[in-house]
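> I have a structure here, written as structure tokens, and I will follow up with some questions on it.
A short reminder: the numbers here are calculations on the coordinates, not readings from a lab. This is a predicted model, so every value here is computed, not measured. Positions of Cβ are backbone-derived with ideal geometry, glycine not excepted, and every protein chain shown enters the neighbour counts.
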Amino acid sequence: MAENFLRIAFTPSVLAAQRSAYGRSQGPLPEGSVDAIGPDERAFVEARDSFYMATVNEAGWPYVQHRGGPPGFLRVLDAHTLAFADVRGNRQLVSAGNLAHDARVALILVDYPRRARLKVLGRAKVLDTKGHAELAAQLLPAGRVERIVTIDVVGLDWNCPQNLTPRYTEAEVEQYASTLRARIAELEQRLASRTDDRS
């Protein structure tokens, strides 16, 4: 359920914009519990090889960063916690610095071939690897781990597929292409055998 996500997202200004555009608003929603990561969300999260994470700096400016790794590098630890290994990058540490000031994050995870996306709101913590060796070992990233980021999830929302252009990885294209190549080879063989029969 996306109830807590919508409670957080539908601020008075958002509700006013909805009323102005559509003559009514979608809230306010009554108070309730935080959204939980269920089996569908877990499978979706752990199949992703990238996501986008937004943080906010002291001046109120948002910063969006792409994070990537092997499928499953973003792990579900429990019904309310995500984690990933922060490997060496460009050494700017913008997200890490922003999180020291404001722990709130927004994530967007996309499955482009299936045109599905999941939005996540949470509070992140940046942990050093020395004090959390067991967790670091669980994450098993490809690269030098400098930090661990955990996210206490407070809201989840499955977003509509509208305007999501399907995109495919090289491995996905190869999987489809190999099926087509096998079918072409089969048809060529049939055609060749018919030609031989007529000779």
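> Given the options 60, 72, 23, which has the most mean-square fluctuation in a GNM of the chain, springs set between C-alpha atoms less than 10 angstrom apart?
Fluctuation is largest for 23.
> Can you compute the helix-only [θ] at 222 nm over the chain? Use -39500 (n - 2.57) per DSSP H run of at least 4 residues, normalise by all residues, nearest 500 deg cm²/dmol.
-11000 deg cm²/dmol
> Tally Lys and Arg at +1 and Asp and Glu at -1 over the other residues with C-beta under 14 Å from the C-beta of residue 188: what net charge comes out?
It works out to a net charge of +2.
> For residue 197 and residue 96, compute 0.36 nm times the residue count separating them, minus their Cα-Cα distance, and round to one decimal in nm.
29.3 nm
> Once phi is turned into ³J(HN,Hα) by the Karplus curve 6.51 cos²θ - 1.76 cosθ + 1.60 with θ = phi - 60°, what whole-Hz value does each residue of segment 126-131 show in order, with x for glycine and proline?
Residue by residue, segment 126-131 yields 9, 10, 7, 6, 5, x Hz.
> Under 5 Å between amide hydrogens, which residues at least 5 positions from residue 86 or on another chain qualify, with H placed 1.01 Å from N in the peptide plane?
146, 147, 148, 149
> Divide, for segment 146-194, the radius of gyration over alpha carbons by 2.2 N^0.38 Å, where N is the residue count.
Relative to the 2.2 N^0.38 Å estimate, segment 146-194 comes out at 2.25.
> Using only the Cα atoms of segment 1-49, each taken as one equal point scatterer with no solvent, compute I(q) by the Debye sum, divide by I(0), and report log10 of the ratio at q = 0.15, 0.18, 0.25, 0.27 Å⁻¹.
Debye curve over Cα of segment 1-49, log10 I(q)/I(0) at q = 0.15, 0.18, 0.25, 0.27 Å⁻¹: -0.54, -0.66, -0.86, -0.92.
> Using the alpha-carbon centroid of each, what span in Å lies between segment 72-110 and segment 12-46?
Distance between centres, Cα-based: 22 Å.
> Using Stokes-Einstein with the Kirkwood hydrodynamic radius over Cα pairs, what translational diffusion coefficient do you get for the chain at 10 °C and a viscosity of 1.306 mPa s, in µm²/s rounded to a whole number?
81 µm²/s
> Assuming 0.36 nm per residue, please report the length gained on full extension of the stretch residue 187 to residue 152 beyond their Cα-Cα distance.
The residue 187-residue 152 span can extend by a further 7.2 nm.
> Starting from the amide H of residue 48, placed 1.01 Å from N in the peptide plane, find each other amide H under 5 Å away whose residue is 5 or more places distant or on another chain.
HN-HN under 5 Å from residue 48: 72.
> Can you list the HN-Hα couplings for segment 102-107, worked out from phi with the Karplus curve (6.51, -1.76, 1.60; θ = phi - 60°), rounded to whole Hz and with x for Gly and Pro?
So the J values, rounded to whole Hz, are 9, 6, 6, 9, 10, 10.
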